[in-house]
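Enquirer: Below are the structure tokens for one structure; questions will follow.
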Amino acid sequence: MTDNKLVLIVGANRGIGLGVTKVFLANGWSVIATARDPAKASALQELAAANPGRVSIPALDMNDAAALDGFAATLGGKTLDAVLVNAGVAGPAHRSADAATAEEIGALMFTNAIAPTRLARSLASHIRPGSGVLAFTSSIMGSVALNEGGHELYRASKAALNSLSRGLWGELRGKNITMLTLHPGWVQTDMGGASAAVTVDDSAAGMVKVMESQAGVHKHLFLDYTGKELAW
Ligand SMILES: NC(=O)c1ccc[n+]([C@@H]2O[C@H](COP(=O)([O-])OP(=O)(O)OC[C@H]3O[C@@H](n4cnc5c(N)ncnc54)[C@H](OP(=O)(O)O)[C@@H]3O)[C@@H](O)[C@H]2O)c1
């Protein structure tokens, strides 16, 4: 790794995480880009080959509690200028709280809410005081104020992420870092579908611009990829 600014992107092998990785690289950053299976993360491997010394691809499965809790130690004392905990899942296809099993709910809540916050808490002391940014890819669907119904399980998992990130901010306030809970837009990914309103490139460019521009504000904000503040 060279001496550029360093960002950790969790869940970087496809979709929004891959797009954000490309933008940070274009902006001159070095990137730690996690994937569940780095050997199969061919897009990240191509980026690593094209940007020698600026991309590392550690394995991380957000459903592996031991790996989550051990991840910070693998950083080897590196200081992170920014973190984006991006990995997430849509949950069971039926989308219904009434139809859901305890196992489905547990898996969705663990991946989308518990694991991101648990990982972030363990990373907080590695984030650069002053300009460091800790960000989560949440969703406008996590807003209770803006909830118009539908996708109720996914909404609940992102509302839980928003609540847990707010609780974590209670611990990190005063540590001179910025925390962002971000909505990437409705994006053309495997999750968002081909008819989504926003391209990965536009969403990723906006997410990175927001992360770079909010460095140093030392607040916890719920923002979309254009920088607009959202109601919790
Ligand atoms: N697309 C949208 O319209 C939209 C809107 C609002 C919010 N979001 C949020 O944006 C984030 C990225 O979504 P996307 O649209 O880019 O979805 P995507 O194309 O389905 O990609 C999801 C990413 O999360 C990773 N991931 C899922 N479960 C994981 C786990 N247990 N451990 C590690 N990585 C895991 C995936 O890795 P694998 O390849 O290994 O599965 C993949 O890198 C998610 O948090 C999503 O909820 C998306």
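Here, each number is a calculation from the coordinates, and none is a lab measurement. Given the structure is predicted, the values throughout are model-derived calculations rather than measurements. Backbone-built Cβ (ideal geometry, glycine too); neighbour counts: all protein chains shown.
Enquirer: Do any of LYS40/LYS175; LYS175/LYS209; LYS175/LYS228; LYS158/LYS219; LYS22/LYS158 go past 27 Å between their Cα atoms, and which? Working shown, then result.
Expert: Working: LYS40/LYS175 37 Å; LYS175/LYS209 23 Å; LYS175/LYS228 25 Å; LYS158/LYS219 20 Å; LYS22/LYS158 25 Å.
Those over the limit are LYS40/LYS175.
Enquirer: So, one more: Treat the count of other C-beta atoms within 10 Å as a stand-in for reagent exposure and order LEU230, LEU44 from fewest to most. Before the final figure, lay out each step's value.
Expert: Values: LEU230 19, LEU44 25.
By the 10 Å Cβ count, ascending, the order reads LEU230, LEU44.
Enquirer: Quick one: order TRP169, TRP232 by neighbouring beta-carbon count within 10 Å, fewest to most. Mind dumping the intermediate values first?
Expert: On the way: TRP169 18, TRP232 14.
In increasing order of surrounding Cβ atoms, one gets TRP232, TRP169.
Enquirer: Could you give each residue of region 216-232 its phi-based ³J(HN,Hα) in whole Hz, using Karplus coefficients 6.51, -1.76, 1.60 with θ = phi - 60°, and x for Gly or Pro?
Expert: Karplus-based 3J(HN,Hα) across region 216-232 equals x, 7, 6, 10, 10, 10, 9, 10, 8, 5, 8, x, 6, 6, 10, 6, 5 Hz.
Enquirer: Sticking with this structure for a sec: Taking the highest mean first, how do the peptides 63-75, 28-40 order by number of other beta carbon atoms within 10 angstrom per residue?
Expert: Working: 63-75: 14.1, 28-40: 18.8.
Going by the mean number of other Cβ atoms within 10 Å, highest first, we get 28-40, 63-75.
Enquirer: On to the next question. Report, by chain and number, residues whose modeled amide H sits under 5 Å from the one on LEU8, excluding near sequence neighbours (fewer than 5 apart, same chain).
Expert: Result for LEU8 returns ILE32, ALA82, VAL83, LEU84.
Enquirer: To continue, here is another question. Mind listing the long-range amide H neighbours of ILE127? Cut-off is under 5 Å, sequence gap 5 or more, other chains count too, H placed in the peptide plane at 1.01 Å from N.
Expert: LEU80
Enquirer: Now a separate question. Relative to the first principal axis of the alpha-carbon coordinates of the chain, what is the inclination of helix 200-213, with its axis defined by its Cα atoms, in degrees from 0 to 90 and to the nearest 10?
Expert: The angle comes out near 70 degrees.
Enquirer: Ordered by residue, what ³J(HN,Hα) values in Hz, to whole numbers, does region 144-150 give under the Karplus form 6.51 cos²θ - 1.76 cosθ + 1.60, where θ = phi - 60° and Gly and Pro are x?
Expert: 6, 5, 9, 6, 9, x, x
Enquirer: Also, I was wondering about something else. Which whole-Hz ³J(HN,Hα) couplings does region 97-107 yield from phi under the Karplus relation 6.51 cos²θ - 1.76 cosθ + 1.60, θ = phi - 60°, glycine and proline marked x?
Expert: Each residue's phi maps through the Karplus curve to give 5, 5, 8, 6, 8, 4, 5, 4, 5, x, 5 Hz.
Enquirer: With +1 on each Lys and Arg Cβ and -1 on each Asp and Glu Cβ, and nothing else charged, work out how big the dipole of the chain is about its Cα centre, in Debye to the nearest 20. Before the final figure, lay out the partial values.
Expert: Values: 19 positive and 19 negative charges, 127 e Å.
So the magnitude is around 620 debye.
Enquirer: Using the count of nearby Cβ atoms within 10 Å as a rough guide to exposure, how do HIS183, HIS94, HIS220 rank from fewest to most? Before the final figure, lay out the partial values.
Expert: Details: HIS183 24, HIS94 11, HIS220 18.
If I rank by nearby Cβ atoms, fewest first, I get HIS94, HIS220, HIS183.
Enquirer: Counting Lys and Arg as +1 and Asp and Glu as -1, what is the net charge of the other residues whose Cβ lies under 13 Å from the Cβ of THR178?
Expert: On the way: positive: ARG128, ARG173, LYS175, LYS219; negative: ASP81, GLU212.
Summing Lys and Arg as +1 and Asp and Glu as -1 gives +2.
Enquirer: Report Rg/Rh for the chain, rounded to two decimals, where Rg is the Cα radius of gyration and Rh the Kirkwood radius. Mind dumping the intermediate values first?
Expert: On the way: Rg = 16.5 Å, Rh = 17.6 Å.
Here Rg/Rh amounts to 0.94.
Enquirer: Run the simple label-point estimate for ALA73 and ASP98 please: 7 Å along Cα→C-beta, distance reported in nm.
Expert: 4.8 nm
Enquirer: For the Cα atoms of the chain, what angle does the longest principal axis make with the long axis of helix 152-172, in degrees from 0 to 90, nearest 10?
Expert: 50 degrees
Enquirer: Here's a follow-up. Mind checking the dipole of region 21-143: about its Cα centre, +1 per Lys or Arg Cβ, -1 per Asp or Glu Cβ, Debye to the nearest 20? Don't skip to the answer; put the middle values down first.
Expert: Numbers: 9 positive and 9 negative charges, 93 e Å.
Computed about the Cα centre, the dipole is about 440 debye.
Enquirer: Considering the options GLY170, VAL187, ALA204, tell which one lies farthest towards the positive end of the dipole of region 81-232, charges being +1 on Lys and Arg and -1 on Asp and Glu at the Cβ, about the Cα centre.
Expert: The one lying farthest along the dipole's positive direction is GLY170.
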